[in-house]
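This report concerns only the one structure given below.
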Amino acid sequence: MRKVLIRILLPFSMLFADELQSPAEFLGYNLGDNFTYHHRVVSYFEHVADVASNVKIIPYGKTYEERPLLVAVISSEENMSMLDNLRKDNLKRAGVITGKASGKKVGIVWLSYNVHGNEANSTEAAMKTIHALANKNNKSTQAWLENTIVILDPCINPDGRDRYVHWFRMTANRWPDADPLSREHMEPWPGGRTNHYYFDLNRDWAWQSQTESESRIKLYNKWLPHVHVDFHEQGVNNPYFFAPASEPYHEYVTDWQKELQTMIGQNHAKYFDKNNWLYFTKEVFDLLYPSYGDTYPTYNGAIGMTYEQAGHSRGGLAVETEDGDTLTLSDRLTHHHTTGLSTIEVASNNVDQIVSEFTKFFTDGKKNPKGEYSTYIIPKTNQDDKVNDLKSWLDKNGIEHAVASASKSIQGFKYLTGKKGQVKVTKGDMVVSAKQAKSVLVQVLFEPQTVLRDSMTYDITAWSIPYVYGLDAYALKGDVKLSTAKNLTPKTKVITGSPYAYILPWKGINDLKFLAYLFKHDIVTRVSIEPFELDNREYSRGTLVITRKGNEKHGSIFDEVVNRGAKKFNRLLTASTTGLVSKGKDFGSSSMRVVKRPKIGLVSGDGVGSYRYGEIWHFFERQIEFPVTVLSSDYLTSIPKHDFDVIILPGGNHGYLNKELLNELRHWVRSGGRLIIMDSTLDKFADQKGFGLTKFATVDEKKASEKKNKERNLSERLKPYRDRQRSRLSQNAYGSIVKVKIDNSHPLAFGYNDQYFSLKLRSNRYAYLPRGWNVGTIQDSTAIISGFVGYKAQEDLRESMVFGVENIGRGRVIYLADNPLFRAFWYNGKLLFGNAVFIVGN
Ligand SMILES: [Zn+2]
């Protein structure tokens, strides 16, 4: 009797706690009836791992909003009992660790779900798939797992997904409204696609600027799967996309990688045909840009694929499609579930070949690197900071590096000039050789030019690492003798006594971090507007001078705080016992400007590009740790601008920015404000009264351009319809690298030399500023260093301003036509943005 009572009181789910429950049994609703919150998904995965002896959870980190990141590993019980040996065998086959693989050959399939948070079916599908894999009664899956390990990540981007799920659940009608015009299909800014800082995690695999990517790829590199699938969703009227991918393929994608993609696609087609489901292949989704969830695995030896289901944030629980049908969440997750299992099936049926081709990918690369060059030299004359930061990025990607053990002179390609010639390798220079396990990844990332077989790509076309880091570097055909790189030794030394001032040259983002630290501790800092010489050492413009004068209020703590900061950020300070310099301006001169701690307003919201806003937000909070006040575009008109020293308008269309607000911002600048305008926002200010920014230098130039366009438009009237997409490319400059001439005597360019490699993302051109400083300029199309630029866009590179500062009254408008913070990976641009915020206008 008592037993019966307990049975009645216990919830159903706990009665059979040791038996595998389906998602419906566990959640209390059928998959597809609602979107599941992330914590419930995690609980379900834990339940599966608790009751299924062949499933193991590996937690690998936390998101910015502290949601857990995890994968489930599933295989046969036999494989699970020797999981770590199988994993190591795989790394031995790749040559990533030494030794000979001794165990049996198993395939490793990694399924990644919901990288884009509002493509929210994927995680629901992941629950259905883990259940099918853990279910001992499922004969097919159990047979596949005999020779296959499945690693299943239910959600790469939990913060973004929960943002969507919370919004959907609080917005949707009681009964799903399939009318695509209802608000449950219209997600508001910023949407759930991105992570906490509004980064697209499907563009971040190689750069790992976000904590989710960094944590995941650490785990990924411990496994190096043979097949990787990234599950996505697309527009509601595009039924389903699966492999093979579209051209352009990177030229290093192997025949086998293409062949297996095709085999997998054919297997999917079989299931889709049987159910009369629509699909397409070989369109839109290409394999080029190295930082996607399909390309990055591909360059790491896997068959990397993107699957796209119709749905996306406009899918809701049910939505009407253009053919009059209704697409439900249940349909969507069934399709992703089908392709997930079908992928495992093909992998399992081809394990021997998959493993041997995977091994071949790595041994071939190591023996005979693809491409023109096989060795990359980073001379030790480069800034230590840049080299050290490059090293830690290489480590994150599992790319080996060493140093040259002897000096020699050899023919090579010089990145800085873009020309071939004699180069000198010096003992101690950093060397990245392509003769290593990660050879293909090295080649893709370091080559000066990516071969583009077709310019119709989905993303940027240039990313060569020496330009990203602004490094003097060479690419060589031959080898150089190597020795192991020494560990980085901290170079700071504690300065004892009470010097008159501390001095720090201004070179890069680590100096910015140190400055932010000084602000945080209320230390008064000066910046030298002119170069100076002291104790036989030359200091460039931008050097920080921290005098005791002005910091007396800190007493003896002053020295302690400065030394602690120097240690924390590995800054080599110089102590000076005098303010009297041997050349240049003394420390008490007006050329030693106090760097005022700015109060910063950063504009977000409707009209602002969420990625562009997120990059700046992330820069302040996570890269240099300096607080900003975030303002929303919907109340920007009504706040007192004078509370702020700096206002930043990230790229966007800024529909809210009317004449009155432009005028108000101008008045605020006139009285001393600093307005930073970035990227596409320049269009909003071009040719506006009161601002000096124009698209053309003169009326004649404008007329000539209009005439040319008119003639061209006439000649293009007869272009064939079939070329419609391609002809649009002529205006495109998306993601090429250009050499920008720099006036480094201006505070905006302190810390740079006379050129800067900029990532050009738009072809829009602006004339030299008539009143103000044209700090970064392009003269003509010879500035193009790498990547694709359409012929019309090339013309627009003539005599244009890229970075400029206009003085209005006591304030400044800072124009950054190219975005130096793009995706947080353009390392060399960070200081430029820091200068705009902290140094200009002091
Ligand atoms: Zn997506």
(message) I need the full set of residues from segment 30-65 which are in a helix (DSSP H, G or I), aliphatic (A, V, I, L, M) and either touching a residue at least 24 places away in the same chain (Cβ under 8 Å) or touching a Gly at 6+ places or on another chain (Cβ under 6 Å) (or both), in order please.
(response) 41, 42, 48, 51
(message) Please pick out the residue among 79, 121 that is within 16 Å of the ligand (Cβ to nearest atom) and touching a residue at least 60 places away in the same chain (Cβ under 8 Å).
(response) 121
(message) Against the definition (touching a residue at least 40 places away in the same chain (Cβ under 8 Å) and buried (at least 24 other Cβ atoms within 10 Å of the Cβ)), how does residue 288 come out, yes or no?
(response) yes
(message) Just the residues that are within 32 Å of the chain's Cα centre (by Cα) and either of a type in the set (Gly, Ala, Ser) or surrounded by fewer than 20 Cβ atoms within 10 Å (Cβ to Cβ) (or both), please, taken from segment 291-324.
(response) 291, 293, 301, 302, 304, 310, 311, 313, 314, 315, 316
(request) Select, from 128, 92, 88, the only residue that is assigned to a helix (DSSP H, G or I), more than 16 Å from the ligand (Cβ to nearest atom) and in contact with a Pro (Cβ under 9 Å, 6 or more places away or on another chain). (result) 128
(request) Please state which of the following conditions residue 265 fails to meet, knowing it meets all the rest: (1) more than 16 Å from the ligand (Cβ to nearest atom); (2) at pLDDT 95 or above; (3) open to solvent by 10 Å² or more (accessible area, probe 1.4 Å); (4) of a type outside the set (A, V, I, L, M, F, W, C). (result) (3)
(request) Of the conditions (1) within 16 Å of the ligand (Cβ to nearest atom); (2) surrounded by fewer than 23 Cβ atoms within 10 Å (Cβ to Cβ); (3) small (Gly, Ala, Ser), residue 192 clears all except one; give me its number. (result) (2)
(request) Looking at (1) out of contact with any helix residue (DSSP H, G or I) (no Cβ under 8 Å at 6 or more places or on another chain); (2) at negative phi; (3) open to solvent by 20 Å² or more (accessible area, probe 1.4 Å), find the lone condition where residue 541 falls short. (result) (1)
(message) Please count how many residues of segment 772-803 are in contact with a helix residue (DSSP H, G or I) (Cβ under 8 Å, 6 or more places away or on another chain), under 22 Å from residue 684 (Cβ atoms) and not in a helix (DSSP H, G or I).
(response) 5
(request) Might you check whether a residue that is without any contact (Cβ under 8 Å) to a residue 12 or more places away in the chain and among the basic types (Lys, Arg) occurs anywhere in segment 401-419? (result) yes
(message) Against the definition (under 40 Å from the mean Cα position of the chain (by Cα), of a type outside the set (A, V, I, L, M) and under 11 Å from residue 502 (Cα atoms)), how does residue 578 come out, yes or no?
(response) no
(message) Could you check segment 238-262 and list, in sequence order, the residues that are away from the ligand (no atom under 16 Å from the Cβ), of a type outside the set (Asp, Glu) and out of contact with any Leu (no Cβ under 8 Å at 6 or more places or on another chain)?
(response) 244, 252, 254, 256, 257, 258, 260, 261, 262
(message) Against the definition (in contact with a strand residue (DSSP E or B) (Cβ under 9 Å, 6 or more places away or on another chain) and either open to solvent by less than 20 Å² (accessible area, probe 1.4 Å) or within 30 Å of residue 649 (Cβ to Cβ) (or both)), how does residue 548 come out, yes or no?
(response) no
(message) Whether any residue in segment 738-755 is part of a loop (DSSP other than H, G, I, E, B), free of Cβ contacts under 8 Å to residues at least 60 places away in the same chain and within 28 Å of the chain's Cα centre (by Cα) is what I want to check.
(response) yes
(message) Given the criterion open to solvent by less than 10 Å² (accessible area, probe 1.4 Å) and within 16 Å of the ligand (Cβ to nearest atom), identify the matching residue among 160, 107.
(response) 160
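Considering each of 775, 789, 813, 802 in turn, give the residue that is modelled with pLDDT under 95 and hydrophobic (A, V, I, L, M, F, W, C).
Working: 775 fails: modelled with pLDDT under 95; 813 fails: modelled with pLDDT under 95; 802 fails: modelled with pLDDT under 95.
The unique qualifying residue is 789.
Of the residues in segment 67-86, how many are open to solvent by 40 Å² or more (accessible area, probe 1.4 Å) and touching a helix residue (DSSP H, G or I) at 6+ places or on another chain (Cβ under 9 Å)?
Going through segment 67-86 one residue at a time, the tally reaches 2.
Inspect segment 713-729 for any residue being at pLDDT below 90 and aromatic (Phe, Trp, Tyr) and give the result as yes or no.
As a first pass, look at segment 713-729 and keep what is at pLDDT below 90: 713-729.
Okay, now just the ones that are also aromatic (Phe, Trp, Tyr), so 721.
The answer is yes, given that some residue of segment 713-729 is at pLDDT below 90 and aromatic (Phe, Trp, Tyr).
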(request) Would you check which residues across segment 209-237 are of a type in the set (Ser, Thr, Tyr) and within 16 Å of the ligand (Cβ to nearest atom) and list them? (result) 213
(request) Tell me, please, whether a residue that is among the β-branched types (Val, Ile, Thr) and open to solvent by 20 Å² or more (accessible area, probe 1.4 Å) can be found in segment 429-448. (result) no
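Quick one: is residue 307 at pLDDT 95 or above and of a type in the set (Phe, Trp, Tyr)?
Here the answer is yes, as residue 307 does meet what is asked.
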(message) Which of the numbered conditions does residue 267 fail, given that it passes all the others? Conditions: (1) assigned to a loop (DSSP other than H, G, I, E, B); (2) out of contact with any Leu (no Cβ under 8 Å at 6 or more places or on another chain).
(response) (1)
(request) Inspect segment 132-149 for any residue being open to solvent by less than 10 Å² (accessible area, probe 1.4 Å) and assigned to a strand (DSSP E or B) and give the result as yes or no. (result) yes
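Conditions (1) part of a strand (DSSP E or B); (2) open to solvent by 20 Å² or more (accessible area, probe 1.4 Å), marked per residue:
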residue	(1), (2)
174	no, yes
205	no, no
248	yes, no
252	no, no
(message) Criterion first (within 16 Å of the ligand (Cβ to nearest atom), of a type in the set (Phe, Trp, Tyr) and in contact (Cβ under 8 Å) with a residue 24 or more places away in the chain) does residue 307 satisfy it?
(response) yes
(message) Testing residue 327 on (1) closer than 24 Å to residue 269 by Cα; (2) open to solvent by 10 Å² or more (accessible area, probe 1.4 Å); (3) within 16 Å of the ligand (Cβ to nearest atom), one condition comes back false. Which one is that?
(response) (3)
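Just to confirm my filter: which helices (runs of 4 or more DSSP H) fall fully inside segment 599-710 and include at least 3 residues that are in contact (Cβ under 8 Å) with a residue 12 or more places away in the chain and loosely packed, with under 15 Cβ neighbours inside 10 Å?
Working: elements: 610-618, 659-670, 682-685.
Hits in segment 599-710: 659-670.
Confirm whether residue 114 is within 16 Å of the ligand (Cβ to nearest atom) and either hydroxyl-bearing (Ser, Thr, Tyr) or touching a residue at least 12 places away in the same chain (Cβ under 8 Å) (or both).
Values: within 16 Å of the ligand (Cβ to nearest atom): yes; either hydroxyl-bearing (Ser, Thr, Tyr) or touching a residue at least 12 places away in the same chain (Cβ under 8 Å) (or both): yes.
So residue 114 fits the description; yes.
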(request) From (1) within 26 Å of residue 131 (Cα to Cα); (2) open to solvent by 10 Å² or more (accessible area, probe 1.4 Å); (3) away from the ligand (no atom under 16 Å from the Cβ); (4) within 28 Å of the chain's Cα centre (by Cα), pick out the condition that doesn't hold for residue 348. (result) (4)
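The values are calculated or read from the model by the stated rules, or taken from the named source; none is laboratory data. Quantities reported herein were computed from a predicted structural model and do not represent experimental measurements. FYI the Cβ positions are ideal-geometry reconstructions off the backbone, even for glycines, and counts take in every protein chain you see. For the accessible areas, the whole protein counts, side chains as well, though only heavy atoms, and no ligand, DNA or RNA atoms are used. Shrake-Rupley method; radii C 1.70, N 1.55, O 1.52, S 1.80 Å.
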